[in-house]
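J.: Starting off with a structure, shown below.
Just so you know, all these numbers are worked out from the coordinates, no wet-lab data involved. The model shown is predicted, which means the values in this text are computed figures rather than measured ones. Here Cβ is always computed from backbone atoms with ideal geometry, including for glycine, and neighbour counts include all displayed protein chains.
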Amino acid sequence: MDTFVQQLINGLTIGSIYALIALGYTMVYGILRLINFAHGDIYMVGAYAGFMIATSLGFAANPSALAFGVTLLGSMAIAAAIGMAIERFAYRPVRKFSKMTTLITAIGMSLLIEYLFVFIFSGTPRSFPQLLPNENITLFGNATISTSQILIFVVSILLMVVLQYIIFKTKVGKAMRAVSFNINSAKLMGINTDFVIAFTFALGSALAAAGGVLTAQYNPKIEPLMGIMTGLKAFVAAVLGGIGNIPGAVLGGLLIGAAETLVVGYGSYIGIPSTYRDAVAFAILILVLLIRPAGLLGSNVQEKV
Amino acid sequence: MTRVFLNFALILSIFTSIACVDKGGNVATTNTGDTIKVGVYGDLTGQTSSFGQSTKNGIELAVEEINNGGGVNGKKIQLVVEDDQGRPEQAKTVVSKLINQDKVQAILGEVASTNSLAAAPVAQEAKIPMITPSSTNPKVTEVGDYISRVCFIDPFQGSVMAKFAANTLKAKTAAILGDVNSDYSKGLTQFFEEEFTKLGGRVLAKEAYTQTDPDFKGQLTKIRNLNPDVIYIPGYYGQVGIIAKQARELDMNMPLLGGDGWDSPELWKLGGAALKNTYISNHYSAENPAPEIQNFVRAYKAKFNVEPDSLAALAYDAAKVLADAIKRAGGTDSAKLKDAINSTSNFAGVTGLITIDSGRNAVKPAVVLELDPAAAKFKFKETIAPEGAGSTTGTAANSNSMMSNSNTNAMTNSNMSTSNSNMNSSANMNKSVNTNSNR
């Protein structure tokens, strides 16, 4: 029992990270019908931004909660700015063409970011400084949870609540919902759609960056290609929950994280080796696309052709 | 429509993840008349780039010394260095480039066995001798007679750790956590298990991870349930540091064992205090007071300002062995050079006496090092000699000068022996080295 709980905690920890990244995929898709493939790399950019802040301000030597807060918010701000810049200079100019053009631009953008970072920082894995003390708390029996895991849960829940507030209680959130409902009508109603789209990118990128910094506290190895696999899984999570659907992204993220870890923990009993954890995420994607293309929480909207 | 679109998007995204960028190498243009071109390939920017950097440094130091000493047969050695980003397919590409475009006469590299295995057939086919400094998987030199190495191989390395676990740590049970995509790791897993079982131990679980796994707690939690005496983790430094950290987070405080893949200055930053109570097998100890080793350590530190790890030492030896073979072959005729390399015998390297055997492997003793995270140092623990090797290889620079006579005798008598360093002399050695190195 305690082993199962332990595996669940492990799974939900990475699930929370997937959820944070999936939110960015899903919001951008909701508004632009674009899969922003560079989003996984923004997660990596966020981790590097946090790394630069933490090392340049000397937080590695004297870690504190304040240092963590500054690193987290700083990296979120930097990632938001980069997200907006990518939207402004890469996606906006091609938005008027077909969706495929934007999609391919996104893939190009993803490669550009990855190898730009390889070029600047080299592919050497860097170790992210520990900013908060990491201790183990025994829950019961053998089940333990580390403070860095608690941090991931708390911060990601907090960010999701803030996101929910922005989307449902603020004016810009209302505008986002309007744009996602129908971008042309929204424009006719006097909504500055360019601003709303830029804001969405900023919001999604900030969440991904938070995911990057949180992961780096849990698993301090950061490297320029770390966003590829994690980004893909978050994308699967967004599709699983129903792309365009915000609670769906969170649910999808947690499910993928849990499924992955449970495969490692218990897969061998049903003949699935533990190294198939990545395959499981994609098997789930294929099943979802076959059985319920709209995702778990997505509504089946008829597309006009 | 959406479905097709998403499928397409997924396929594209998979392509992006496997797409690769050729970074090109630094090729100096000179007249090839009075230089010997030697190709070096390694991971300079990828997941295991500390291996590639150390290897490059070690080779550069050796070549600098050779060229300052008048070169080989009056010719200077010119290096052509290529980055393979730690990817097997890229390793193959850059070795083709080294051979076909740069027309190198010999090749040094890689560290990771998977990459050496990818590139070796290219060198073999082109009949260009390739010496791998530190790929320990046995399959590497089985590719052909143009491929050789200056390090020991995994059947030995795996058995060293199994012996250490069973004899020194008195472990009865073990779990293995290996890297599923690495030939190095798979080989060590197999050989550790064989030897450990032979010594009466039991391997309770064999778990695996991939280098891109976001965390390892799933596998570790599974292992924790079985409560083994030791965990053997034959992986590379980028993952094992995190694995150690997460194991300790799960209250798993048993000794963790590893191989030479752990040897990197980066390991300390990744694993930190969690690396207490861990041991690795390695090719040499920088703490060994033998003058050959200390001269190398000093020269390396003066040039690169870091302590040489075992990969740097092996790379240095590989370059020296190559230069020696070129001298003996009287030139770079590839068949003669190959024969000269393969007949290397009792070459005194930093990592011990190097004799290339019929399988084109070097037979050398291994050292077991204990990790000391507080000082960020690998502390010498003991030397384990290879099977069947008597005192001829055992008394190389690598074997410890403090090894007592009775131990040396024991080694010649039993063909498998462990020479336990006695604690006092080991402590003395640490002290004397600490005063030398201000790190």
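J.: Which one of A:Gly244, A:Tyr218, A:Leu57 has its Cα pushed farthest toward the positive end of the charge dipole of chain A, where Lys and Arg give +1 and Asp and Glu give -1 at the Cβ?
T.: Ranked along the dipole, the leading option is A:Gly244.
J.: Same structure again: Other chains' Cβ within 10 Å of B:267-273 residues: what's the mean? Don't jump to the answer; show the numbers that get you there.
T.: Details: counts 1, 1, 8, 7, 2, 4, 0.
Averaged over the peptide's residues, the number is 3.
J.: Would you mind computing, in nm to one decimal, how far apart the modelled labels at B:Lys170 and B:Asn253 are, each placed 7 Å from Cα along Cα→Cβ?
T.: Each label point is offset 7 Å from its Cα along the Cβ direction, giving 1.8 nm.
J.: I'd like to compare A:36-44, A:56-64, B:338-346: which one has the highest average count of other Cβ atoms within 10 Å, and what's the full order after that? Walk me through the numbers before you get to the answer.
T.: Working: A:36-44: 28.9, A:56-64: 13.0, B:338-346: 17.6.
Put in order of decreasing packing, that is A:36-44, B:338-346, A:56-64.
J.: Still on this model: In the neighborhood of B:Glu370, defined by Cβ-to-Cβ distances under 12 Å, what is the net charge if each Lys or Arg adds +1 and each Asp or Glu adds -1?
T.: +1
J.: Here is a follow-up. Over the whole of B:49-60, what's the average partner chain Cβ count within 10 Å per residue? Rounded to a whole number, please.
T.: Average neighbour count from other chains, rounded to a whole number: 1.
J.: At what distance in nm do the modelled label points of B:Asn67 and A:Lys96 sit from each other, each positioned 7 Å from its Cα along Cα→Cβ?
T.: In this crude spin-label approximation the distance works out to 5.7 nm.
J.: I need to check one value: relative contact order of chain A, counting alpha carbon pairs closer than 8 Å and at least 6 residues apart, in percent.
T.: 35 percent
J.: Only Cα pairs under 8 Å and at least 6 apart count here; give the relative contact order of the stretch B:198-253 as a rounded whole percent.
T.: 39 percent
J.: B:Asn181 to A:Met189: FRET efficiency via 1/(1 + (r/R0)^6), r the Cβ-Cβ distance, R0 56 Å, to the nearest 0.05?
T.: 0.55
J.: Among residues other than B:Ile231 whose Cβ falls under 12 Å from its Cβ, what is the net charge (Lys/Arg +1, Asp/Glu -1)?
T.: With Lys, Arg at +1 and Asp, Glu at -1, the net is +2.
J.: Check the straight Cα-Cα distances from B:Lys92 and name the aspartates and glutamates below 20 Å, setting aside those fewer than 8 residues away within the same chain.
T.: B:Asp22, B:Asp43, B:Glu82, B:Asp83, B:Asp84, B:Asp102, B:Glu110, B:Glu125, B:Glu142, B:Asp145, B:Asp183
J.: Let me ask you something else. For B:Pro129, what is the net charge nearby, where nearby means another residue's Cβ is under 12 Å from its Cβ and Lys, Arg count +1, Asp, Glu -1? Write out the running numbers ahead of the final one.
T.: Details: positive: B:Lys127, B:Arg149, B:Lys336, B:Lys338, B:Arg360; negative: B:Asp145, B:Asp333, B:Asp339.
Net local charge, B:Pro129 excluded: +2.
J.: Hey, any idea what Rg/Rh is for the protein assembly as shown, computing Rh the Kirkwood way over Cα pairs?
T.: When Rh is taken as the Kirkwood radius, the ratio is 1.01.
J.: Rounded to the nearest 5, what % of DSSP beta bridges with both residues in the protein assembly as shown are antiparallel?
T.: 45 percent
J.: Please give the residues of the stretch B:213-255, grouped as numeric ranges, whose backbone N is less than 12 Å from a label point set 7 Å along the Cα-to-Cβ vector of A:Thr138.
T.: Counting only backbone N, you get B:251-252.
J.: Could you calculate the contour length gain from B:Lys303 to B:Glu142, that is, 0.36 nm times the residue separation minus the distance between their Cα atoms, to one decimal place in nm?
T.: Extra length from B:Lys303 to B:Glu142 when fully extended: 54.4 nm.
J.: What average number of partner chain Cβ atoms lie no more than 10 Å from the Cβ of the residues making up B:203-212? Before the final figure, lay out the partial values.
T.: Numbers: counts 0, 0, 1, 1, 5, 4, 4, 6, 3, 7.
Other-chain Cβ atoms within 10 Å of each residue's Cβ, averaged: 3.
J.: Same structure, new question: Can you work out the FRET efficiency for the pair B:Glu292 and B:Thr197, with r the C-beta to C-beta distance and R0 = 25 Å, to the nearest 0.05?
T.: Values: r = 37 Å, r/R0 = 1.49.
Computed FRET efficiency for B:Glu292 and B:Thr197: 0.10.
J.: Which residues make up the longest stretch of chain A that has no trypsin sites (Lys or Arg not before Pro) in a DSSP loop with at most 12 other Cβ atoms within 10 Å?
T.: A:97-303
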